[in-house]
There are 2 protein chains.
Amino acid sequence: MARRKQHIPRHEHIERHFTGGETVRDVVIGMSDGLTVPFALAAGLSGAIGATRVVVIAGLAEIAAGSIAMGLGGYLAARSDAEHYESERAREEREIIQLPDEEEREVAEILKAYGMNDEEVRPVVAAMAKRPKAWIDFMMRFELGLEKPDPRRAVTSASTIAGSYIAGGFIPLAPYILLPQAHTALSLSVTVTLLALGIFGYIKGHYTGARPFRSALQTVLIGGVAAAAAFGLARLFT
Amino acid sequence: MARRKQHIPRHEHIERHFTGGETVRDVVIGMSDGLTVPFALAAGLSGAIGATRVVVIAGLAEIAAGSIAMGLGGYLAARSDAEHYESERAREEREIIQLPDEEEREVAEILKAYGMNDEEVRPVVAAMAKRPKAWIDFMMRFELGLEKPDPRRAVTSASTIAGSYIAGGFIPLAPYILLPQAHTALSLSVTVTLLALGIFGYIKGHYTGARPFRSALQTVLIGGVAAAAAFGLARLFT
């Protein structure tokens, strides 16, 4: 029996391939993009512009824009999810009171999708009808597939994602901040960032249950392709 | 009874607040970021740089980087999800054969979480034990909360997201492409993009079941705050 399958609350099961929990997931989300996009943008610009000053300004603008779009966007999405959950729950509650027969038929249908027959589902339907609160919970999860969102998570999650984006973004940008020539800074930025993407991908693989080396390779590939495309495109329009 | 609750396959229930389906969802994901980040980056740069040429190059580099990071990243994530699902399914299948008692206890525990007692869950456990394939499906969805991913979706979904990012990104960038002066282009870009964000947010709200005007306001807010921050930061370092 796998250790992680015992006595774990339902909602953790859903994201349990992130064995490190929600904070790790948020760091992964923010840092993935933070390492990749500012890196590719800076690489692209240094293919078209000689001075690092412009690259640094563009990089900082991108880090500000990207972290706010991800953080604030994530926060508002989480709030909408919470409101959506509450409104669906209220609707389910009304339906159980106003249309109990219909809702009982829906419980039966959910289970019949797993090959159970009328006789086998009857005790479950009867059990639900006795406990309206549990019945609503059952419908929310098994009919609608909705998990109760934690409202306190929204702010923490948004800040973690934005902070990780900023932290990730400064790795590719640092060489441009320190060196005056864009093309020497580019070489250093490529070396440092591909290395960072590899290490990050490896750790990410470890936490998400993927094979770490393969995850490292994929993460480096995404960053490399994005940077090469940005570089090629910027060259084309110079 | 709500129309959308009848005879809809399980997996569609989960994302049914996107009433327009998966393509709409992918367009929303790609266009949200595509309208916001290149817009904010271009606005930020035009606060520091007089010529639109650099803004256009940076904008194109960002669109290339962002669309590849989202598209390729999304494709690889979808493939990992599919592999994760298959490996969990294989494990569940093994456990049902090798540790049927343990798995039967898990079925009972899932239902007991909804207030059912030993007597009430017994028929369900017995029904599952008779149908191993349905039993595995039941555990995948109700114990692990995993939906079977559609492998053919990965490529379509990745291209839709990347394409929408590119389409969205050209809206704020167009004024810089057409006009030579960055600060005149900026005014036009801000006007056009905030309008586009409002329309997009309104339509998004319609499809996601949120109140359309509020969704429009939120989308404009995210874009506006990101652009203002990028602009302020770029000014600071000029």
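Residue A:124 meets the conditions (1) at pLDDT 85 or above; (2) farther than 30 Å from residue B:236 by Cα in every case but one. The failed one is (1).
Going through (1) assigned to a loop (DSSP other than H, G, I, E, B); (2) open to solvent by 30 Å² or more (accessible area, probe 1.4 Å); (3) free of Cβ contacts under 8 Å to residues at least 24 places away in the same chain one by one, residue A:145 falls short only on (2). Scanning for something at positive phi and at pLDDT below 90, does region A:18-36 turn up at least one residue? Yes: region A:18-36 contains one or more residues that are at positive phi and at pLDDT below 90. Within region B:202-227, the set of residues being small (Gly, Ala, Ser) and within 17 Å of residue A:81 (Cα to Cα) comprises B:205, B:209, B:210, B:215, B:216. Within region A:151-192, the set of residues being more than 16 Å from the chain's Cα centre (by Cα) and of a type in the set (Ser, Thr, Tyr) comprises A:176, A:184, A:187, A:189, A:191. Inside region B:57-69, can you point out the residues that are in contact (Cβ under 8 Å) with a residue 12 or more places away in the chain, among the hydrophobic types (A, V, I, L, M, F, W, C) and at the interface with chain A (Cβ under 7 Å from one of its Cβ atoms)? Those that are in contact (Cβ under 8 Å) with a residue 12 or more places away in the chain, among the hydrophobic types (A, V, I, L, M, F, W, C) and at the interface with chain A (Cβ under 7 Å from one of its Cβ atoms): B:58, B:60, B:68.
Results for (1) among the β-branched types (Val, Ile, Thr); (2) touching a residue at least 40 places away in the same chain (Cβ under 8 Å); (3) within 30 Å of residue A:226 (Cα to Cα); (4) open to solvent by less than 40 Å² (accessible area, probe 1.4 Å), shown as yes or no for each residue.
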| residue | (1), (2), (3), (4) |
| --- | --- |
| B:94 | no, no, no, no |
| B:101 | no, no, no, no |
| B:108 | no, no, no, yes |
| B:150 | no, no, yes, no |
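Of everything in region A:113-125 that is within 10 Å of chain B (Cβ to nearest Cβ) and either among the charged types (D, E, K, R) or surrounded by 20 or more Cβ atoms within 10 Å (Cβ to Cβ) (or both), the residue that is farthest from the chain's Cα centre (by Cα) is A:119.
Across region B:199-212, not a single residue is classified as surrounded by 19 or more Cβ atoms within 10 Å (Cβ to Cβ), closer than 16 Å to residue B:46 by Cβ and among the small types (Gly, Ala, Ser). Here is the figure for region B:70-92: residues that are hydrophobic (A, V, I, L, M, F, W, C), facing chain A (nearest Cβ under 7 Å) and open to solvent by less than 40 Å² (accessible area, probe 1.4 Å) total 1.
A single entry from B:213, B:170, B:231 fulfils the requirement of being of a type outside the set (A, V, I, L, M), at pLDDT 95 or above and farther than 15 Å from residue B:25 by Cα: B:170. Screening the candidates B:158, B:154, B:162, B:185 for the property of being surrounded by fewer than 22 Cβ atoms within 10 Å (Cβ to Cβ), among the small types (Gly, Ala, Ser), in a helix (DSSP H, G or I) and in contact with a helix residue (DSSP H, G or I) (Cβ under 7 Å, 6 or more places away or on another chain) yields one hit, B:154. Per the conditions (1) touching a Phe, Trp or Tyr at 6+ places or on another chain (Cβ under 8 Å); (2) open to solvent by less than 10 Å² (accessible area, probe 1.4 Å), the sole criterion not satisfied by residue A:58 is (1).
The values are calculated or read from the model by the stated rules, or taken from the named source; none is laboratory data. Model, not experiment: these values are computed from the prediction. Cβ sites come from the backbone with ideal geometry, for glycine too, and all protein chains shown count toward neighbours. Accessible surface is based on the protein model in full, side chains and every heavy atom, while ligands, DNA and RNA are left aside. Shrake-Rupley method; radii C 1.70, N 1.55, O 1.52, S 1.80 Å.
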